[in-house]
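Have a look at the structure below before the remarks.
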Amino acid sequence: MNVYYQLRENWLPLISAFSLVLLAAFGIYRADLTDGLGVLIAIVPIAFIAGVLLSSSVFSRRTSLLFSLVYAGFFIFVIVGRNHAAEIDSWRERIIHLINLQGDWIGKFADGGTSREPIIFIMHTSAVFWIMGYSAAWWTQRSDKIWRVVVPSGMVLLSVVYYYFGPRPLWMWLATYIVASFLYIAFTWLNVQQTNWRDHNVFFEKRLGLNVAVAGFTLALATLVIAWQVPTLEANPSVTAALDNTTPTWQKFQNTWTRLFSSLRTYSAPTSDSFSNNLTLGGARDVSESLVMDVFVEEELPYAYWHAISYESYEDGLWDIPEGDTVEYIPDEGLIDIPKYESRQTITQTVRNYLPSAGQIYGMPDIIGSDRQMFLTSRTLPGESIEQINKVQSKYVLQQGEVYNSASQFSVATQFELQNASTNYPEWADSYLALPDTISQRTRDLAEEVTEGQTNPYDQAIAIQNFLREHIEYNDQIDAPPNGVDPVDYVLFEDPEGYCNYYSSAMVVMLRHKGIPSRPASGFAGGEFIEDAGLYRVRLQDAHTWVEAYFPQYGWIQFEPTASIIVPSRPTGGLAAENEAEIPPALPDPGGPNFLEDDLFPGGEGFEDFSELEPPPTFSAEIITIPAVLSIVLILLAAAAFLYTSLNNRRVETDLIKSYDKLGQWGESLGVPIAASQTPIERAQALSDAIPSGQKPIDNITNQLITTRYSEDKVGDPNFNPQNEWKELRPLLNREWVNQKLSAVRRLKNRFF
């Protein structure tokens with residue numbers, strides 16, 4: 001009977017509490033982080049029912065929690081095992097299989113390994129939602145601690161919405177959750193009031209619940225409308241600086257998360273990267289001096305290109321990235337499987353990102369690994385078992401101040417080696433010889449003329465490079481070439497002015513005509529080398545496109561046709577055996593906690609020198625991803641605080657005894673001496689002396705209390721409502737409290753200043 005009464009009394013708060021947890025579950029399910037999250041929709045109702053039954057029982061909180069954990073283990077193993085281990089016939093073997101998976105995951109957590117088992121995430125998420133479902137029912141039934149119900153599910157849903165960049169509008173689930181939160185708060189308040197009114201034999205209308213629901217729903221919609229109209233927030237440099245010290249800890253958490261749940265799907269996020277899958281020969285470009293990154297190296301390099309993307313096909317002034325697959329790279333799987341060319345030196349770079357949201361991983365070409373999980377835009381080469389990498393991106397967005405490491409093999413081949421390199425190109429290199437029919441004959445003739453007398457691809461490339469550096473005047477404020485004209489022909493013969501895109505495109509076209517596989521590559525060129533700190537400081541103005549030509553034994557070799565950039569330094573002597581370095585089998589402790597502190601990564605200690613360098617500029621970039629969400633949350637908190645205060649005042653001020661007790665509490669807050677031996681009239685007089693303008697409502701409350709407590713019939717004025725007195729008294733008390741605090745501040749100021 002007792003259980004039935006509690007369920008009947010609390011059914012509105014219970015339904016709204018259940019909806020909160022279920023909305024969060026649907027939000028994660030719709031995010032489609034991995035297959036099989038539909039089990040959450042089954043877990044939440046069972047957990048909530050368990051919470052309702054246990055909270056309605058005579059068991060203590062600790063005993064009920066113990067029962068809940070037992071139920072959780074049973075139902076999670078049964079539901080997950082039935083849906084994700086159905087291929088195993090025996091239930092005993094299913095359970096053992098799931099337990100073994102958990103053991104393997106714990107081992108990888110401790111050893112720094114990478115887990116790619118999706119069932120682990122499903123089981124852990126199911127456990128989290130079991131706890132939230134059970135807790136929501138428990139706190140709704142046994143107390144009115146609304147935040148212990150609203151906050152956990154809200155934080156889970158908010159985190160998913162914040163980091164989700166997929167096609168589904170998850171913000172709708174968050175908006176619905178906010179409306180449901182307002183209703184839950186309203187229903188919980190109503191339930192407390194109804195219990196109080198019933199205990200004091202106060203009459204109330206049965207349809208009051210409908211009025212409260214309408215009011216809560218209206219307030220929620222108003223909050224959403226206001227939040228939608230709030231201007232976009234901007235990143236505050238002071239806040240960025242204050243939070244900068246937390247970056248390593250947060251980065252470590254992110255790395256651990258991605259390592260332990262690497263099977264989760266991710267979606268491309270809006271980033272501030274400078275390079276896309278297309279390179280256009282267009283009009284003027286404007287680049288600022290904004291800082292992009294600092295690249296820590298062990299020593300200054302003979303040349304420095306920070307590679308972002310390589311292009312293949314050319315058509316009508318537009319370069320495209322090759323078609324290929326997107327492959328996920330896991331650090332502890334070792335190095336990227338690329339060709340092992342001769343005369344390559346392996347280096348590591350520590351990169352500190354300064355863009356507010358970045359996606360690309362930078363390093364000297366060719367990048368062979370990183371301590372970050374990455375997406376590689378690549379393809380398997382015909383006749384080869386290796387992959388060609390054209391673009392490298394971080395699996396997760398890099399925030400301002402984040403640090404990562406990348407390893408590269410850059411060429412130290414000598415001029416002698418390249419002059420004597422083989423011209424037996426592989427079959428796949430034909431795609432880097434293709435030219436459209438729109439390439440003019442005079443462009444082809446010019447390539448023959450410039451390379452006349454040169455007998456090998458390297459000398460021919462140098463001849464074309466030097467010609468373009470002398471022939472084209474550097475100018476990044478040119479107009480776009482006219483329609484219907486090939487931009488390469490235009491810059492070579494009609495208006496020989498341009499910037500790196502034009503220089504590089506002209507050189508690649510001329511090299512391809514000569515039968516030399518080549519491609520343009522984009523990224524950043526060098527930057528300012530700060531010797532004391534051992535770093536290259538790279539700015540947006542260093543964005544650049546250069547040329548890479550293929551030599552079968554030595555791989556892609558960089559050339560610099562742009563007149564404003566220094567030509568890469570390359571030894572002229574004999575074989576560069578002394579420069580060759582064996583390729584390590586794997587990066588040192590990739591993804592491990594001490595990765596930045598390894599001797600190969602000087603940036604781990606170099607950050608201490610920032611104070612003596614030119615301070616990097618702060619960004620005032622607009623936060624586009626989450627402004628509405630933040631606004632909603634802030635307004636929700638403010639509205640909830642206001643609602644809670646209003647409801648609490650109403651609960652106290654409508655009750656005569658609580659109103660009289662509140663007068664005493666205000667007396668203590670205002671420093672009015674009130675003794676236990678004082679009569680109600682004496683207490684009222686002391687408080688009235690402190691606030692003369694409030695004497696009337698103070699006397700009215702006190703006299704009514706005396707009448708109901710000490711008169712012969714103990715019956716006061718039936719029409720007396722103490723809340724009416726508080727409407728007059730409350731602002732007077734608040735004003736007096738503020739004046740006292742200001743006076744205390746002035747006294748403190750006069751004392752010390």
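Per-structure values
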quantity: Only listed residue being of a type outside the set (S, T, Y), modelled with pLDDT of 80 or more, out of contact with any Asp or Glu (no Cβ under 9 Å at 6 or more places or on another chain) and not in a loop (DSSP other than H, G, I, E, B), chosen from L748, L732; calculated: L732
quantity: Members of the stretch 62-92 that are in a helix (DSSP H, G or I), touching a residue at least 24 places away in the same chain (Cβ under 8 Å) and within 17 Å of I119 (Cβ to Cβ); calculated: A72, F75, I76, I79, V80, N83, H84
quantity: Search result, residues across the stretch 651-691 that are farther than 30 Å from A186 by Cα and among the β-branched types (V, I, T); calculated: V672, I674, T679, I681, I691
quantity: Residue in the stretch 124-137 that is modelled with pLDDT under 85 and either farther than 22 Å from P13 by Cα or surrounded by fewer than 18 Cβ atoms within 10 Å (Cβ to Cβ) (or both) present; calculated: no
quantity: I95, sole failed condition from (1) part of a loop (DSSP other than H, G, I, E, B); (2) surrounded by fewer than 19 Cβ atoms within 10 Å (Cβ to Cβ); (3) in contact with a Phe, Trp or Tyr (Cβ under 7 Å, 6 or more places away or on another chain); calculated: (1)
quantity: Answer residue from the stretch 439-486, given it is polar (S, T, N, Q) and closer than 29 Å to V287 by Cβ and is surrounded by the fewest Cβ atoms within 10 Å (Cβ to Cβ) among those; calculated: N483
quantity: Residue list for the stretch 470-490, filter: part of a helix (DSSP H, G or I), more than 43 Å from the chain's Cα centre (by Cα) and not aromatic (F, W, Y); calculated: E470, H471, D489
quantity: Residue check for I95: touching a residue at least 12 places away in the same chain (Cβ under 8 Å) and more than 26 Å from T140 (Cβ to Cβ); calculated: yes
quantity: Answer residue from the stretch 401-429, given it is assigned to a helix (DSSP H, G or I) and touching a residue at least 60 places away in the same chain (Cβ under 8 Å) and is farthest from T348 (Cα to Cα) among those; calculated: A429
quantity: Flag if I88 is surrounded by fewer than 16 Cβ atoms within 10 Å (Cβ to Cβ) and touching a helix residue (DSSP H, G or I) at 6+ places or on another chain (Cβ under 6 Å); calculated: yes
quantity: Among residues of the stretch 520-556, those that are surrounded by fewer than 24 Cβ atoms within 10 Å (Cβ to Cβ), over 15 Å from D366 (Cβ atoms), of a type in the set (A, V, I, L, M, F, W, C) and out of contact with any helix residue (DSSP H, G or I) (no Cβ under 7 Å at 6 or more places or on another chain), counted; calculated: 4
quantity: Hey, Y162 of a type in the set (F, W, Y), in a helix (DSSP H, G or I), surrounded by fewer than 21 Cβ atoms within 10 Å (Cβ to Cβ) and assigned by TED's automatic domain parsing to the domain that holds I131 or not; calculated: yes
quantity: I368 in contact with a strand residue (DSSP E or B) (Cβ under 6 Å, 6 or more places away or on another chain), in a strand (DSSP E or B) and modelled with pLDDT of 85 or more; calculated: yes
quantity: Pick from the stretch 665-716, criterion hydroxyl-bearing (S, T, Y) and not in a helix (DSSP H, G or I), ranking: surrounded by the fewest Cβ atoms within 10 Å (Cβ to Cβ); calculated: S677
quantity: Count of residues meeting criterion [over 12 Å from W138 (Cα atoms) and in a helix (DSSP H, G or I)] in the stretch 22-61; calculated: 18
quantity: Within the stretch 165-190, tally of residues that are at pLDDT below 75 and either of a type in the set (A, V, I, L, M, F, W, C) or surrounded by 15 or more Cβ atoms within 10 Å (Cβ to Cβ) (or both); calculated: 2
quantity: The one condition in (1) without any contact (Cβ under 8 Å) to a residue 24 or more places away in the chain; (2) assigned to a loop (DSSP other than H, G, I, E, B) that I439 fails to fulfil; calculated: (1)
quantity: The stretch 140-159 - residue that is touching a residue at least 24 places away in the same chain (Cβ under 8 Å) and over 19 Å from the mean Cα position of the chain (by Cα) and, of those, surrounded by the most Cβ atoms within 10 Å (Cβ to Cβ); calculated: T140
quantity: Among (1) within 25 Å of F261 (Cα to Cα); (2) surrounded by 22 or more Cβ atoms within 10 Å (Cβ to Cβ); (3) modelled with pLDDT under 90, the one test that I361 misses; calculated: (3)
quantity: Selection from the stretch 14-44 of residues that are at pLDDT below 85 and crowded, with 24+ Cβ neighbours inside 10 Å; calculated: none
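For (1) of a type in the set (S, T, Y); (2) over 34 Å from the mean Cα position of the chain (by Cα); (3) outside the structural domain of M172 (by TED's automatic domain parsing); (4) under 27 Å from L157 (Cα atoms), each residue gets a yes or a no:
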site: L40; (1), (2), (3), (4): no, no, no, yes
site: I43; (1), (2), (3), (4): no, no, no, yes
site: H84; (1), (2), (3), (4): no, no, no, yes
site: E87; (1), (2), (3), (4): no, yes, no, no
site: S90; (1), (2), (3), (4): yes, yes, no, no
site: Q102; (1), (2), (3), (4): no, no, no, yes
site: I106; (1), (2), (3), (4): no, no, no, yes
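The values are calculated or read from the model by the stated rules, or taken from the named source; none is laboratory data. Every value quoted in this text rests on a predicted model; they were computed, and no experiment measured them. Cβ coordinates were reconstructed from backbone atoms using ideal geometry, including for glycine residues, and neighbour counts include every protein chain displayed.
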